[in-house]
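Report on the following structure.
The values are calculated or read from the model by the stated rules, or taken from the named source; none is laboratory data. Keep in mind it's a predicted model, so treat the numbers as computed, not measured. Heads up, the Cβs are rebuilt from the backbone with ideal geometry, glycines too, and the neighbour counts pull from every protein chain shown.
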Amino acid sequence: MSKYDVIVIGAGLGGLSCAARLSALGYRTAVFESHTLAGGFATEFTRKGYTFDVSLHGVGGLEEGSFGQMLKGCNADQRIVPLRKKHPYSIRWEGQIIDIPSDVQDYVKLLKDMFPAEQTAIDKLFAGIRRFAAGFSAFSSSSPGLWRKAAGLLKAGTFFRWTQMTTWEAVSQFGLSDRFTEFFTALWPYYGLPPKRLSALYFFTPWIGYHLEGTYYIQGGAQALSNALVAAIQSAGGEVHLRSQVSEIMLEGGKAVGVRLKKGDAYKANWIVSGISPHHTYGRLLEHHAAARRELEAISRLEMGTSLTQLYLGLSCEPHELGITEEDLILYDVPDSERDYEFMMNGQYTKGNWMLTNYNAMDPTLNEPGKGVIAVTFLDRLENWPATRSEYKAKKEIVTRQILERLEQLYPGFGSKVVVAELGTPRTMQRYTANPGGAVYGFAQTARQSGLKRLKHKSVVARLSLVGAWTQPGGGFQGSMSSGIMEADCIAAKLGQAERNNTFTHETYQTPRT
């Protein structure tokens, strides 16, 4: 029976980053993934010669920023090619397309030009954001020394206050109008909840990356990122096994000691990490463990995050020939985030706002010249989609047609250029990731379920950790990778300390968690 230092279940970004970080620290790791590709949502697929990125739209700080530092810690930074985006995103707002600048000062000028009566309040908002960013940096700092750490945390007052707020509360506290707040928070669908319910932590953390560290795409898309992490693991002597579904976490003396695959093979390790949903971990993989059953009941009462529907479109021309020049465009036709969210949750897709991603503008090398690839994305939930095959197929055809009709109105001649139209629904998300409800952000990113209030990495089983979007600090590319790297450092300290001192306990090591 093969023996490893650490076994990771699931090759999503949380699991891959955990394994890559541990590999970089010198531990022998193995990752077991049921799918044919590594990456979870960070993958790609091909249809009729077109390559489609499943999920990546942009990340902040990919070079010298926080995301780049994470990749460096995994020995994956030199394995990807960052592509700087011209704009974090654009908005079709009140009949005009407005490009959001990356530079903070340019952004402030744009906002003051658009909302001249609110210039003083805008200055106060951005001063608050700077305090939040300084607090976030202090709280996340790994600077040695208790006093230096304490001094840093004294600067984190705004950060701690805002983590208790919704995004709407954090923005509107400065006396800004509803219209301003709707415009400023227009990117909220990418985080799964409208501003009046979305934790400010999950809006402003990526905001810092976009506007203080730069917004990027990755050449080759999300799959290139996942492949870089796989290569980092393998180059350090680790293993990534695809088409290898784990059916059981093996226990001895109440501790996790290995995994058994669906095909019967068993593997042992000093530590097990689950990068899949806690529902699956505590359910099927630990179905005979009493504490796991109790924990499953507890997490089942938490609010689930939303899913997405995405229409992937392959065109016989490049998007700019149809007038689509923006990289990421929010079609903000409903200037009321609460109404927009309700429309989507009720399946009234044509009444809400959509996001349109132009992959040609972000990475011209993703497909051959002359081939256009765009994706239309909106929030959705599993309950909107029939379970029976015939009804499901019929609804997919209806929704695809509705999306194409709207795009034809916006960009005349669009329909005649469509070669591929592949609709991914919440049922698609659930089928490929096994996430309950097809949730793409894990648990709903509310103020009550954010930061330290989110599911901890420590499980109810000794020597078993949880990582990924469901756990601290939260969902998204950066959140999922942060969870894996933080827990990798924690595991390395425990395993290393255990070799020197057998009395080491879980509580004696803490990593900064946001």
* Subset tally (residues that are out of contact with any Phe, Trp or Tyr (no Cβ under 9 Å at 6 or more places or on another chain), within 25 Å of ASP489 (Cβ to Cβ) and among the hydrophobic types (A, V, I, L, M, F, W, C)) for segment 252-275 -> 3
* To do: Run ARG21 past the list (1) among the basic types (Lys, Arg); (2) under 15 Å from SER465 (Cβ atoms); (3) free of Cβ contacts under 8 Å to residues at least 60 places away in the same chain and report the number of the one that doesn't hold.
  => (3)
* Mind listing just one residue for me: the one in segment 33-83 that is within 29 Å of ILE330 (Cβ to Cβ) and β-branched (Val, Ile, Thr) and, of those, surrounded by the fewest Cβ atoms within 10 Å (Cβ to Cβ)? => THR46
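Residue-by-condition table, conditions (1) under 16 Å from the mean Cα position of the chain (by Cα); (2) modelled with pLDDT of 95 or more:
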position: VAL420; (1), (2): no, yes
position: THR428; (1), (2): no, yes
position: GLY442; (1), (2): yes, yes
position: GLY451; (1), (2): yes, no
position: PRO473; (1), (2): yes, no
* Starting from segment 121-136, take each residue that is under 14 Å from GLY209 (Cα atoms) and list its partners that are outside any helix (DSSP H, G or I), counting only C-beta distances under 8 angstrom and pairs at least six apart or across chains. => ALA134/LYS155; ALA134/ALA156; PHE136/ALA156; PHE136/THR514
* Asked: Do we have any residue at all in segment 385-394 that's over 12 Å from THR309 (Cβ atoms), of a type in the set (Phe, Trp, Tyr), in contact with a Ser or Thr (Cβ under 9 Å, 6 or more places away or on another chain) and at pLDDT below 95?
  -> no
* To do: Taking LYS112 as meeting all but one of (1) over 19 Å from GLY65 (Cβ atoms); (2) in a loop (DSSP other than H, G, I, E, B), write down the number of the exception.
  => (2)
* To do: Within segment 378-402, track down each residue that is assigned to a helix (DSSP H, G or I) and charged (D, E, K, R).
  => GLU383, ARG389, GLU391, LYS393, LYS395, LYS396, GLU397, ARG401
* Structure fact -> When restricted to GLN234, GLN223, the only residue free of Cβ contacts under 8 Å to residues at least 12 places away in the same chain and either part of a loop (DSSP other than H, G, I, E, B) or of a type in the set (S, T, N, Q) (or both) is GLN234
* To do: Say whether the condition of being at pLDDT 95 or above and surrounded by 16 or more Cβ atoms within 10 Å (Cβ to Cβ) is met by at least one residue in segment 129-145.
  => yes
* Structure fact -> Residue hits (segment 57-108; closer than 30 Å to GLY237 by Cα, in a loop (DSSP other than H, G, I, E, B) and at pLDDT below 95) are GLY61, LEU62, GLU63, GLU64, GLY65
